[in-house]
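So the structure is just underneath, and the comments pick up after that.
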Amino acid sequence: MTNLDRFSQGLPDQQEARVVGECIACGGEVYEEELVWETDEGLLHDRRDCIREYIADFAIQKVAG
């Protein structure tokens, strides 16, 4: 019987996925079909720590008010 569960396959295995770039925040590999942010400077992982590190390069964090 065919498995119709659309979540049964999961994400591609990183050992089999092709590397397509490098994250400009953490320097880690970016794999084909991985969700990323594309900036003028390059690719950015869609992870809170990478996004925060990227923003910290050009913004100042402070308490509002």
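A search for C-beta distances below 6 Å between a residue of the stretch 37-65 that is outside any loop (DSSP other than H, G, I, E, B) and any residue that is open to solvent by 100 Å² or more (accessible area, probe 1.4 Å) and not small (Gly, Ala, Ser), counting only pairs 6+ apart in sequence or on different chains, returns 44/37.
Out of the stretch 6-43, which residues are modelled with pLDDT under 65 and not polar (S, T, N, Q)? Residues satisfying the conditions are 6, 7, 10, 11, 12, 13.
The values are calculated or read from the model by the stated rules, or taken from the named source; none is laboratory data. Since the structure is predicted, the reported quantities are computational estimates derived from the model, not experimental observations. When we count neighbours, we look across all protein chains shown, and the Cβ atoms used for this are built from the backbone with ideal geometry, even at glycine. Accessible surface areas use protein heavy atoms only, side chains included; no ligands, DNA or RNA. Shrake-Rupley method; radii C 1.70, N 1.55, O 1.52, S 1.80 Å.
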